[in-house]
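Okay, structure first, notes after.
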Amino acid sequence: MIQPKLFHLSTVTLLVGVISGFSSPALAEKTAKQFVETNCAGCHALSEPESSTTTRIRERKAPDLYYAGNKFQEDWLIQWLQSPTRIRPGGTFFGQNVVAAEDRDIVPKDKLPEHPAFNASEAEVAASYLMSLTPYDELISSTAYVPKPISGAMGRMNFTKFKGCVACHELEKGYGGISGPEVHTAGSRLKPEFLYSFIKNPQAWAPKTFMSNLHLDDSEVQKLSDFITTLSKE
Ligand code: HEC
Ligand code: HEC
């Protein structure tokens, strides 16, 4: 995959100076936007695509970031951009990456390039811009979710056996399906309200996603969300 040219430190040092206050916030915002457009737009959608099709979902190079401010915890973004780890074991769309091996499908290592890493100031600048992308405030505010601790054993049974979520999501490294993002880090990566709202209605966030809407009632969504947030603290 072609790496877009990184826009480098002289600009970023200047930019951090700008953000830390000796110029107008509007200018800082504009520069942060420019940084993200230059370094991230080659792979990620930063604004809502005109039409959502399953072809786009299959072919996109990276997950969408246009609602990043409604989705991520800013502290996580800042850390992860400095030392990114794999989130989707099968890549952005596993169907592009898996190959059949003798007894099961595998993802060849060279199919999944490392994510570019950024230094601390670059990560803060990028995270601040991503946090301003909030087209789905309404979906977030319609959810009054407050995480509660839950029994790990019951939660695990529910996630694996009763609801079958483990078919697509890893519960721990190497255990679970590889077509969705790992869930054992989701509690520290995602806003709790996003987690809840996405499980309740995945298509409200990502219209053509292949995670189905199970039409779970609120108490079921609460239990699954509690399990996932508790997992990330274990
Ligand atoms: C060469 C392509 C490429 C570039 C450039 C790139 N990314 Fe990514 N990014 C990816 C891929 C592929 C993933 C999915 C990784 C995974 O799930 O394991 C990803 C994942 C992410 C995620 C997690 C998304 C999610 O929904 O889980 C964030 C946040 C992110 N990138 C931010 C950025 C930012 C900010 C920049 C620019 C400063 C950037 N990326 C530049 C390819 C790229
Ligand atoms: C058929 C496969 C499949 C099943 C079954 C499934 N998911 Fe997903 N899930 C996905 C995919 C793919 C995504 C990524 C969607 C996107 O960002 O476009 C996702 C995203 C998520 C997210 C957001 C995670 C993130 O990092 O963006 C959560 C939380 C989640 N699923 C929880 C669940 C729970 C709980 C269940 C069981 C009720 C479940 N999923 C069942 C495929 C699945």
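The values are calculated or read from the model by the stated rules, or taken from the named source; none is laboratory data. This is a predicted model, so every value here is computed, not measured. Please note: Cβ atoms are built from the backbone with ideal geometry, for glycine as well, and neighbour counts cover all protein chains shown. We work out accessible area using only protein heavy atoms, side chains counted, and drop any ligands, DNA or RNA first. Shrake-Rupley method; radii C 1.70, N 1.55, O 1.52, S 1.80 Å.
Results, tabulated for the structure shown:
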| quantity | calculated |
| --- | --- |
| Selection from segment 25-57 of residues that are away from ligand 1 (no atom under 14 Å from the Cβ) and either aliphatic (A, V, I, L, M) or assigned to a helix (DSSP H, G or I) (or both) | 25, 26, 27, 28, 29, 30, 54, 55, 56 |
| Which listed residue, of 111, 161, 148, is of a type in the set (Lys, Arg), modelled with pLDDT under 90 and either surrounded by fewer than 17 Cβ atoms within 10 Å (Cβ to Cβ) or not assigned by TED's automatic domain parsing to the domain that holds residue 198 (or both) | 111 |
| Residue match in segment 156-163 (condition: out of contact with any Lys or Arg (no Cβ under 7 Å at 6 or more places or on another chain), farther than 15 Å from residue 233 by Cα and touching a residue at least 40 places away in the same chain (Cβ under 8 Å)) | yes |
| Residue match in segment 58-75 (condition: open to solvent by less than 50 Å² (accessible area, probe 1.4 Å), away from ligand 2 (no atom under 15 Å from the Cβ) and touching an Asp or Glu at 6+ places or on another chain (Cβ under 7 Å)) | no |
| Helices (runs of 4 or more DSSP H) (entirely within segment 119-233) containing at least 3 residues that are among the aliphatic types (A, V, I, L, M) and away from ligand 1 (no atom under 16 Å from the Cβ) | 152-157, 218-231 |
| Any hit, segment 45-56, residues being modelled with pLDDT of 95 or more, outside the structural domain of residue 193 (by TED's automatic domain parsing) and under 14 Å from the mean Cα position of the chain (by Cα) | yes |
| Subset tally (residues that are surrounded by 14 or more Cβ atoms within 10 Å (Cβ to Cβ) and either closer than 23 Å to residue 228 by Cβ or in contact with a Gly (Cβ under 6 Å, 6 or more places away or on another chain) (or both)) for segment 116-145 | 10 |
| Looking only at segment 1-17, and only at residues there that are part of a helix (DSSP H, G or I) and modelled with pLDDT of 50 or more, the one that is surrounded by the fewest Cβ atoms within 10 Å (Cβ to Cβ) | 10 |
| Residue in segment 203-210 that is touching a Phe, Trp or Tyr at 6+ places or on another chain (Cβ under 9 Å), within 21 Å of residue 133 (Cα to Cα), in contact (Cβ under 8 Å) with a residue 60 or more places away in the chain and of a type in the set (Gly, Ala, Ser) present | yes |
| Which numbered condition residue 169 fails, given (1) out of contact with any helix residue (DSSP H, G or I) (no Cβ under 6 Å at 6 or more places or on another chain); (2) farther than 24 Å from residue 98 by Cβ | (2) |
| Lone unmet requirement of (1) away from ligand 2 (no atom under 13 Å from the Cβ); (2) free of Cβ contacts under 8 Å to residues at least 24 places away in the same chain; (3) under 21 Å from the mean Cα position of the chain (by Cα) for residue 104 | (3) |
| Residues that are open to solvent by less than 30 Å² (accessible area, probe 1.4 Å) and among the basic types (Lys, Arg), drawn from segment 32-56 | none |
| Unmet requirement for residue 90, which otherwise passes all of (1) within 13 Å of ligand 2 (Cβ to nearest atom); (2) open to solvent by 30 Å² or more (accessible area, probe 1.4 Å) | (2) |
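Conditions tested, residue by residue: (1) acidic (Asp, Glu); (2) more than 13 Å from ligand 2 (Cβ to nearest atom); (3) in contact with a Cys (Cβ under 6 Å, 6 or more places away or on another chain).
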residue: 144; (1), (2), (3): no, yes, no
residue: 147; (1), (2), (3): no, no, no
residue: 166; (1), (2), (3): no, no, no
residue: 176; (1), (2), (3): no, no, no
residue: 182; (1), (2), (3): yes, no, no
residue: 187; (1), (2), (3): no, no, no
